[in-house]
Amino acid sequence: MIFYDEPLFHIFRILSERIKELKANGVIEFEVVDPDSSNEFSGTMICIEGVRYAYRSFKVWTDLAEILHCKIMTPKTLDNNRILIRYKLIDTKRSWHNHSDADITERYGCGSEFSKIFKFEEPNFLNDYLRCLKEVGIKDGVKVLDLGINRADEFKVFNEFFKDHAANSTFTGIDHCRSALRVASYELSSDNYIFYNEDISNISSLKIPQQDIVISIGTLQSPELDGKAVLRYIVQNLIKENGSIILGFPNSRYIDREVIYGAKTKNYTESNLNLLIKDISFYKKYLQQHKFKVITFGKYYIFLVAKRDRKKDKGE
């Protein structure tokens, strides 16, 4: 199958129909003009050795693979100014989200499918998390609290990029998963790391001092947790007057070990952002009512960064 100057909607229809015929892990192949042959807007018509093509960057083909629930395999360069692209259909039944039989405290523990996921190996997640830290402004001797710390990946990245400040800072992590915390405690064993094996709902019982930064990524939307009540407790008791809050909300899911864009709600086969937008709107409004300046950004995770708006506090 070769695509020349056809519009993308034509290609999308053809590939969608072919993919419907594939079984899990089935492969579909097609040839397109080599993206390295030019540098144009996608859809621009170009002519190479008398052959007319619609130019498209390689990103178009990677994005299309994700939309069609496929993995893009390593393309092959051909001798005719084209490349061979291969899409491998992912197994939609293979997902770490299908863990209903697992004990609630170990759904995200060592040995689980979740433990094989390293979010910081996803470039967008890494870049967005670093932006969060830069937005709040890291200084020496900060107190950082992470709710739902798991194996403490967020602290490890903090240490890598803010080494000068990390040594004199205090890091506290809370998680109800005992096996994940064992990993965190082993890999971050110095005195400035404190880990609590506790349900976040019981945070008030831990008597944690006020913090400069509170982080919660992928935790407040947990069905077993009243995230809104936790946020209220953070704002009223845990955050310093000039402190900052970083919240992360999943806008993706892992299927067959491939990250797929878009939050999905029960009974929907495709992404549905209604609940995500509703939750973010609540948290944003609540924080603004308590004199936080809030910005929101992200792709596979939507991050909400809140810091005190000092100008509003001073009535400026």
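The values are calculated or read from the model by the stated rules, or taken from the named source; none is laboratory data. If you're wondering where the values come from, they're calculated on a predicted model, not measured in any experiment. Virtual Cβ from ideal backbone geometry, glycine too; neighbours counted across all protein chains shown.
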Picking from SER189, SER169, SER204, which residue would you name as being over 25 Å from LYS139 (Cβ atoms), without any contact (Cβ under 8 Å) to a residue 60 or more places away in the chain and not aliphatic (A, V, I, L, M)? SER204
With criteria (1) free of Cβ contacts under 8 Å to residues at least 24 places away in the same chain; (2) over 16 Å from LYS119 (Cα atoms), GLU160 comes up short on (2)
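Only one of ILE2, ILE14, ILE46 is out of contact with any Lys or Arg (no Cβ under 6 Å at 6 or more places or on another chain) and not assigned by TED's automatic domain parsing to the domain that holds GLU66. Can you tell me which? If you could, list the steps in order and put the result at the bottom.
On the way: ILE14 fails: not assigned by TED's automatic domain parsing to the domain that holds GLU66; ILE46 fails: not assigned by TED's automatic domain parsing to the domain that holds GLU66.
Step by step, each of ILE2, ILE14, ILE46 is checked, and only ILE2 is out of contact with any Lys or Arg (no Cβ under 6 Å at 6 or more places or on another chain) and not assigned by TED's automatic domain parsing to the domain that holds GLU66.
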Quick check: anything in the stretch 234-247 outside any helix (DSSP H, G or I), over 25 Å from VAL157 (Cα atoms) and in the same structural domain as THR170 (by TED's automatic domain parsing)? yes
Consider ILE239 carefully, then state whether it is under 19 Å from the mean Cα position of the chain (by Cα) and within 23 Å of ALA306 (Cα to Cα). no
